[in-house]
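Novice: Sharing a structure with you now.
The values are calculated or read from the model by the stated rules, or taken from the named source; none is laboratory data. Note that the structure is predicted; figures quoted are calculated from it, not measured. Here the Cβ positions follow ideal geometry from the backbone for every residue, glycine too, while neighbour counts run over all protein chains shown. What goes into the accessible areas is simple: the full protein's heavy atoms, side chains included, and nothing from ligands, DNA or RNA. Shrake-Rupley method; radii C 1.70, N 1.55, O 1.52, S 1.80 Å.
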Amino acid sequence: MDERYYGTFGGQYVAESLMNTLKELDAAYEEAIRDPKFIEECAYYLKEYVGRETPLYFAERLSREYGTKIYLKREDLNHTGAHKINNVIGQILLAKRLGKKKVIAETGAGQHGVATATGAALFDMECTVYMGAEDMERQALNVLRMEMLGAKVQKVVSGSNTLKDATNEAIRTWAKTAEDTFYIIGSAVGPYPYPKIVKEFQSVISKEAKRQILEKEGRLPDVVMACVGGGSNSIGMFADFIDERDVRLVGVEAAGLGIETGKHASAMALGRPGVLHGMRSYLLQDADGNVELAHSISAGLDYPGVGPEHAYLKDTGRAEYVSITDAEAMDALMELSRLEGIIPAIESSHAIAYAKKMAKTMDRDDIMIICLSGRGDKDVHTIADYLAGKGYQN
Amino acid sequence: MNRIEARLQNLKQKNEKAFITYITAGLPDMAGMRELVKSCEAAGLDILELGIPFSDPIADGPVIQAASYKAIRQKVSAAAVLAEVQTLRSEGVNLPIVFMMYYNTILHYGVKNFVDSCIRAGVDGFIIPDLPYEEQGEIKEAIAAAESETEDACRVPILIQLVSPVSKERIPMLLNGARGFVYCVSSMGVTGQDAKFHREIDAYLSEVKEISKIPVMMGFGVRTAKDVASVKHKIDGVIVGSHFIRLLEESGYSTDTAMKYITEFKSELNRESEEL
């Protein structure tokens, strides 16, 4: 089997000029993860700098309310407030190993941009983050944070001025500058070997969670759940459970205003296989094969494609993919805040909302682990607008 | 013989270099595009690269991106462009036409179905910048199937291979079985970077020229015949994209401007080659 593919998904749909770069990256990565010094260095920064391991918290009041045992994997407690930093630490150490002094990244909501700017500051690298003009306006505070961290935020005005276009621009720049620049992709997307690399660096989530649940409950969970945009927190949350056939894996996409309205971000609900950003996967597209804009209240899920391994897990039936609307996610956000004193990111709230539905089909003693991928601090403006009935800009 | 191969063989016999331009399909509108294509042919253009607009053109710089979005807003689709090419052929246009497009457009259309539609319309080749050698199995299979099904195999489009300044040890693999011409990308990155060629352009072109059994064309960032003066003894022709689009945009898609540019470029390209 072609290692670049997950079934019929994945591959390397990039310009010829990037093929040697990808080969070099794959070789460097394979060498690094077999090098005890590299593993040790990653582990050091994840512990001392990021603050791992993160707790697997038994949400007692939420469990009582929803009717099954719910554990939250607290990725929101990481430095910079989300799981994104796990991958950035790994990739930036890889960049360092390759002797690159410059890094670039794409960002939508700004979380991956902030994480990359943070890593670049820590390792003294020149950092440019590509961000759509519209997202820069929506997420002005994250732009400021990145600039404070010493990164240059490059405004992208092409296409729809959002994450999809920021990613195009980052790929274009990378094609031009790959000889001295490392591209830190933030989600489990892009050409091979990126989906594999991102999965490996995010798999720390499920490795910890598995050990923690065995300690606490003495058995594996019945359900593991996470939200899916490009799919980085979910693939990290699933990784170590994929071979545990009795554990149900559930990915929650954003249904925006409702799948039936066409204003959604559920690539796997209605998308068909296509090629975008160097990979073949499920993709939202119009009748002519042009990529359609995704819609979600959550900027982090606002992406028209999905990582190729998720497409494969869906087609093989190993994981189930469902979707949650903006309104359902916002209700869950408020509910978790009140019941547990945890304000989740709107992205993660999609998983909480589906947990409520799914718990109805589960027993009291069943166990569900939800990846709480990020905290909601970044979302307070969006939440305020939503509560004031003003909706949101998209 | 395929129109591309026939034209390039003819040029070789005359000891002339080829001139190729890119235009975005459907601009200024479909009728205007047909006029433009006819003017290009009349001006002596050797091959036309016809860009099918795509929403996410990652190999293109700002000029072609903008043209692409404009065409999409005008609802220019692959199916509509195929119909226009068919009309042009029925009106007697014999200029070799190569589609420059992104792979998703073909996938969405259906690979085999697309190849068959291109045969019916009279398209002579494909340039697909996001489909590197390793991902070409599917389309090559469709092309091979079409060749065995079609009575006149020369009407089946050719898949043009792209080579980059950093392809290095990949070059023999890329050229193995390549047909039509080799598209040598002159710089890293995207189209339209104003004659900023790769620092190792000389060695790179020499290497490709030495290995290649088919004509070698250089593209990306070329504006005038002067831009390529120093390397043109190593190439068999030149491709101009972004600069041509810019001229068309600035002149309101004037066919006179297009014809003048093509005529002058071609004559300068070949006049100087005689001097060498």
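Novice: Looking at (1) open to solvent by less than 20 Å² (accessible area, probe 1.4 Å); (2) touching a Ser or Thr at 6+ places or on another chain (Cβ under 8 Å); (3) free of Cβ contacts under 8 Å to residues at least 24 places away in the same chain; (4) not hydrophobic (A, V, I, L, M, F, W, C), can you tell me which one A:ASN20 breaks?
Specialist: Only one criterion in (1) open to solvent by less than 20 Å² (accessible area, probe 1.4 Å); (2) touching a Ser or Thr at 6+ places or on another chain (Cβ under 8 Å); (3) free of Cβ contacts under 8 Å to residues at least 24 places away in the same chain; (4) not hydrophobic (A, V, I, L, M, F, W, C) is unmet by A:ASN20, namely (1).
Novice: Every residue in the stretch B:206-246 that is over 26 Å from B:PRO62 (Cα atoms) and touching a Pro at 6+ places or on another chain (Cβ under 9 Å), please.
Specialist: Scanning the stretch B:206-246 gives B:ILE211, B:ILE235, B:ASP236.
Conditions (1) among the β-branched types (Val, Ile, Thr); (2) in a loop (DSSP other than H, G, I, E, B); (3) open to solvent by less than 10 Å² (accessible area, probe 1.4 Å), marked per residue:
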| residue | (1), (2), (3) |
| --- | --- |
| B:ALA195 | no, yes, no |
| B:ASP202 | no, no, no |
| B:ARG246 | no, no, no |
| B:MET259 | no, no, no |
| B:LEU269 | no, no, yes |
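Novice: Going through the stretch B:15-63 one residue at a time, which ones are within 14 Å of chain A (Cβ to nearest Cβ) and either over 17 Å from the mean Cα position of the chain (by Cα) or surrounded by fewer than 20 Cβ atoms within 10 Å (Cβ to Cβ) (or both)?
Specialist: Listed by number, the residues that qualify are B:SER55, B:ASP56, B:PRO62, B:VAL63.
Novice: Provide a single number: the residues in the stretch B:155-181 that are within 12 Å of chain A (Cβ to nearest Cβ) and not hydrophobic (A, V, I, L, M, F, W, C).
Specialist: Final tally of qualifying residues: 7.
Novice: State whether one or more residues within the stretch B:190-201 are away from chain A (no Cβ under 14 Å) and modelled with pLDDT under 95. First the steps, then the outcome.
Specialist: Residues of the stretch B:190-201 away from chain A (no Cβ under 14 Å): B:195.
Still in the running and modelled with pLDDT under 95: B:195.
Yes - at least one qualifying residue is present in the stretch B:190-201.
Novice: Could you run through the stretch A:165-202 and say how many residues are of a type outside the set (A, V, I, L, M, F, W, C), part of a helix (DSSP H, G or I) and within 10 Å of chain B (Cβ to nearest Cβ)?
Specialist: Total satisfying the criteria: 8.
Novice: Can you find a residue that is under 29 Å from B:SER117 (Cα atoms) and within 13 Å of another protein chain (Cβ to nearest Cβ) anywhere in the stretch B:220-242? Outline the logic, then answer.
Specialist: Restricting attention to the stretch B:220-242, the residues satisfying the condition of being under 29 Å from B:SER117 (Cα atoms) are B:220, B:237-242.
Next, only the ones that are within 13 Å of another protein chain (Cβ to nearest Cβ) stay: B:220.
Yes - at least one qualifying residue is present in the stretch B:220-242.
Novice: Could you check the stretch B:130-164 and list, in sequence order, the residues that are part of a loop (DSSP other than H, G, I, E, B) and buried (at least 23 other Cβ atoms within 10 Å of the Cβ)? It would help to see each step written out before you state the result.
Specialist: Pass one, the stretch B:130-164, residues part of a loop (DSSP other than H, G, I, E, B): B:130-132, B:136, B:150-152, B:156-157, B:160, B:164.
Residues satisfying the conditions are B:ASP130, B:LEU131, B:PRO132, B:VAL156, B:PRO157, B:ILE160, B:SER164.
Novice: When you check A:THR162 against the structure, is it at the interface with another protein chain (Cβ under 8 Å from one of its Cβ atoms), under 20 Å from A:GLY278 (Cα atoms) and open to solvent by 10 Å² or more (accessible area, probe 1.4 Å), yes or no?
Specialist: Numbers: at the interface with another protein chain (Cβ under 8 Å from one of its Cβ atoms): no; under 20 Å from A:GLY278 (Cα atoms): yes; open to solvent by 10 Å² or more (accessible area, probe 1.4 Å): yes.
Criteria not met by A:THR162.
Novice: Could you give every pair whose Cβ atoms fall below 8 Å, whose first residue belongs to the stretch B:194-222 and is in contact (Cβ under 8 Å) with a residue 40 or more places away in the chain, and whose second residue is part of a helix (DSSP H, G or I) and of a type in the set (Val, Ile, Thr), counting only separations of at least 6 or pairs across chains?
Specialist: Going by the 8 Å Cβ cut-off, the qualifying pairs are B:VAL208/B:ILE171; B:ILE211/B:ILE171.
Novice: Keeping to the stretch A:243-298, report how many residues are touching a residue at least 40 places away in the same chain (Cβ under 8 Å), in a loop (DSSP other than H, G, I, E, B) and more than 14 Å from chain B (Cβ to nearest Cβ).
Specialist: Adding up the residues that qualify gives 7.
Residue-by-condition table, conditions (1) at negative phi; (2) modelled with pLDDT of 95 or more; (3) more than 12 Å from chain A (Cβ to nearest Cβ):
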| site | (1), (2), (3) |
| --- | --- |
| B:LYS75 | no, yes, no |
| B:VAL85 | yes, yes, yes |
| B:PHE114 | yes, yes, no |
| B:GLU135 | yes, yes, no |
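Novice: Let me ask another. Working only within the stretch B:87-112, note down all residues that are touching a residue at least 60 places away in the same chain (Cβ under 8 Å) and within 14 Å of chain A (Cβ to nearest Cβ).
Specialist: Selection gives B:MET100 alone.
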